Each structure stands twice: as structure tokens, then as C-alpha cells.
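I have placed the structure first, in the form of C-alpha cells, so that the comments after it can refer back to it.
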Amino acid sequence: MKTVKHVVFTPLEATGVRGLTGDRGDPGEKGERGQPGECAVAPKSAFSVKLSQGQTSPLNVGDAVRFDTILINEQGDYNSETGRFTCKVPGVYYFAVHATVYRASLQFDLMKNGHAVASYFQFYGNWPKPASLSGGSLLHLIPGDQVWVQMALSEYNGFYSSTKTDSSFTGFLVYSDWKNSAVFA
């Protein structure tokens, strides 16, 4: 027969005062280098163009206005020969048109893939000085979409530019939908 011994534990009466913090230990060994990651550079797209002095506006309905003086077009998304912006980066863009109107009324449309998304009109009332007509729109674009300014009525072709006043077309990416990269997913 086995004898079982019973051990009795007595509770501690009170916890003592906490001791001082010890000195910091030596640093550990350097770990292995991790795998290279993707660079989180946001996609870009922006342009700003204007009519050069003496540029004649298109006179026919449906003609794209060719803003021929490039202020900025680093990604090359605007084509000054066709007057069209072509999307490379999917996302939401803002486009603005600022027109100086002089000696004629002006009506133009902001176009996306052959459809007017906004229309603008300024009546010429025999004013001795130029007037302004401006507008803008946010548009969702996918690669290959095109945006341009188009004449709406041939008799309302009063786009104007001089040394003191300009007519311009600007567009830029507000935010991207790019899903080709884990960085932008």
C-alpha cells in the first residue's frame, strides 16, 4: 500500500513593493533582408493647353478645338494635332475649359467618346471688350476613352486669344481605379 502525502499551501499575506527596472539588454542579431516590395508611386495624368495667338477656331460643327500651345503634358495624354485627350490611367478626371469670347458668340461642348457631357454658351452682345466663358466636369474614364472640346454651332465660334487673354483646356486625374497592382488594389 502506498502512502500519499498531503502538502498544504498557505496564501501569501501581502504582495511586496515592486522592484527597480533593470538595465536594458544587449541588442539581438540583425535579421535577414526581406523580399523587395512594390513602389507605391501613384499614377499621374495631367495636361494644360491653350490657343496660340491668332489661332483660327474651327468653323464647322463637330470639329475639335485644337489647343496648340502646351503648358504641361508630361505624360503625353493630350494630342495637340487632334485636340483630344486619351486616357491611359483609369479613374476620375476633372476637365476645365476657360474661353475668352470676342467679336462673336460662342457655343462649345465637352465631349467624351463622341457624346456631349457638358455644353457651354456665351452670347456676344456687341461688347467692346472680351468676355469669359468657363466650365468644368468630373468624368470617370477607362483606358482608351477620349475627351475633347468641340464646336457646337458653326456661327458661334468666338474662341479668342491674345497677349493679354487666353482660351485654355485643362484636365487631370483626381484619383485612380488602377487595379493592375497590389499597391492600388
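The values are calculated or read from the model by the stated rules, or taken from the named source; none is laboratory data. What you see is a predicted model, and the numbers here were worked out from it, not measured in a lab. Please note: Cβ atoms are built from the backbone with ideal geometry, for glycine as well, and neighbour counts cover all protein chains shown. Only protein heavy atoms, including side chains, enter the accessible area calculation; ligands, DNA and RNA are left aside. Shrake-Rupley method; radii C 1.70, N 1.55, O 1.52, S 1.80 Å.
Structural remarks
- Check on residue 66, assigned to a loop (DSSP other than H, G, I, E, B), modelled with pLDDT of 90 or more and under 39 Å from the mean Cα position of the chain (by Cα): yes
- The condition of being part of a loop (DSSP other than H, G, I, E, B), modelled with pLDDT of 85 or more and open to solvent by 100 Å² or more (accessible area, probe 1.4 Å) holds for only one of 13, 32, that being 32.
- Count of region 128-155 residues, restricted to those that are closer than 20 Å to residue 62 by Cα, aliphatic (A, V, I, L, M) and buried (at least 16 other Cβ atoms within 10 Å of the Cβ), is 5.
- Boolean, residue 88 is out of contact with any strand residue (DSSP E or B) (no Cβ under 7 Å at 6 or more places or on another chain) and of a type in the set (Lys, Arg): yes
- Residue in region 77-84 that is modelled with pLDDT of 85 or more and small (Gly, Ala, Ser) present: yes
- For first residues located in region 88-99 and over 12 Å from residue 136 (Cα atoms), partners that are buried (at least 19 other Cβ atoms within 10 Å of the Cβ) and of a type in the set (Ser, Thr, Tyr) and lie 6+ apart or on another chain with Cβ distances below 7 Å form the pairs 88/45; 89/45.
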